[in-house]
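See structure below.
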Amino acid sequence: MPGSVPVALGCVREHHAELTSTNDRALAWARAGAVHGACVTADQQTAGRGRLGRRWDSPSAGGLYLSIVLRPVGLYATNWSPDWAGLGLAVGLGVRAGLAAWVPQAKLKWPNDILVDGRKLGGVLCEMRWQGTVPDAVAGIGINVAQQTFASDLQATSLALALPGACPTVGEVLEAVLLGLAPVLDQFFTAGFRAIRPEYIAHSAVLGQRLTVAGRVVTAVGFDDDGALRVSADGHGPGWRVEAEDVWLLAQAPAPPY
Ligand code: BTN
């Protein structure tokens, strides 16, 4: 029955004192046969990466650096095959749910940012390597937990800054994130982004907002079935699809790229 397969995230785990990137290790582990839900974490990353070739600052014990191997093809009893484009949005939504006990105000800035009070608390980087027609997919998640300062991002925040005196440990954040992710990924791998769109919309930081996309000022008017952002010049009509670019909320200062 669709949706009846529980996603056993964290069923197998590896923790490292230091890695170049947990995504590197998880992709290698996936290639070597790691099961769906296998998790890799590290205390620090020497070459943590974000979207569009950016660096992800990963100081020791400062944040959660987590990568999860995802191999849903053949696991879920459904004819639907995952629409990989929406995976990052599903992961963001699950991470937000996991963090909600601490930061219920957290919002999702399409496509991959988790914002708290307008500042970036975390990000998601999904990467794939194809073997024939089936990809090895890895969901990489970075959450700023204990950092008080940031090397390269003036618009970042952390749980420690958002919750002075009440910051959870990285281990507590890890368990909460895995719990938040499991039901959302279950829904996504069963029925696609469409199934989680209402919840995604409820937590969107961009819907209805004025944005700049590729140098144009537009309004975010919706999300397509595959998770693409729909924008229009005047906030009316169907507008057009945005698939991979960065979007900037107009209310944000034009800061250096995340
Ligand atoms: C972004 O905001 O651009 C995405 C950041 C993703 C960072 C995480 S940390 C764990 C995993 N390993 C990496 O090298 N990147 C992701």
Within the stretch 53-98, restricting to residues that are polar (S, T, N, Q) and surrounded by fewer than 21 Cβ atoms within 10 Å (Cβ to Cβ), the one that is nearest to residue 197 (Cα to Cα) is 81
Taking the stretch 75-101 and the residues there that are touching a residue at least 40 places away in the same chain (Cβ under 8 Å) and more than 27 Å from residue 246 (Cβ to Cβ), the one that is farthest from the ligand (Cβ to nearest atom) would be 77
Discussion item. Being open to solvent by 10 Å² or more (accessible area, probe 1.4 Å), within 15 Å of the ligand (Cβ to nearest atom), touching a Lys or Arg at 6+ places or on another chain (Cβ under 9 Å) and modelled with pLDDT of 95 or more: is that true of residue 42 here?
Written reply: no
Q) In this structure, is residue 34 touching a residue at least 60 places away in the same chain (Cβ under 8 Å), open to solvent by less than 50 Å² (accessible area, probe 1.4 Å) and more than 10 Å from the ligand (Cβ to nearest atom)? A) no
TODO: Test residue 47 against the criterion of being without any contact (Cβ under 8 Å) to a residue 40 or more places away in the chain and either buried (at least 16 other Cβ atoms within 10 Å of the Cβ) or of a type in the set (S, T, N, Q) (or both), and give yes or no.
DONE: no
Residue 88 meets each of (1) part of a helix (DSSP H, G or I); (2) touching a Gly at 6+ places or on another chain (Cβ under 7 Å) with one exception, condition (2)
Requiring at least 2 residues that are within 29 Å of residue 33 (Cα to Cα) and open to solvent by less than 40 Å² (accessible area, probe 1.4 Å), the strands (runs of 3 or more DSSP E) wholly within the stretch 99-191 are 119-131, 134-144
Subset of the stretch 192-246, residues of a type in the set (Gly, Ala, Ser), open to solvent by 40 Å² or more (accessible area, probe 1.4 Å) and not in a helix (DSSP H, G or I), comes to 208, 214, 215, 233, 237, 244
Please tell me if residue 145 is modelled with pLDDT of 95 or more and either away from the ligand (no atom under 16 Å from the Cβ) or under 30 Å from residue 81 (Cβ atoms) (or both). no
- Query: Does residue 214 satisfy being small (Gly, Ala, Ser), modelled with pLDDT under 95 and in contact with a Gly (Cβ under 9 Å, 6 or more places away or on another chain)?
  - Reply: no
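The values are calculated or read from the model by the stated rules, or taken from the named source; none is laboratory data. Keep in mind the model is a prediction, meaning the values are calculated, not measured. For neighbour counting, all protein chains shown are included, and Cβ atoms are generated from backbone atoms with ideal geometry for every residue, glycine included. Remember, those area values only see protein heavy atoms, side chains included, never the ligands or the DNA or RNA. Shrake-Rupley method; radii C 1.70, N 1.55, O 1.52, S 1.80 Å.
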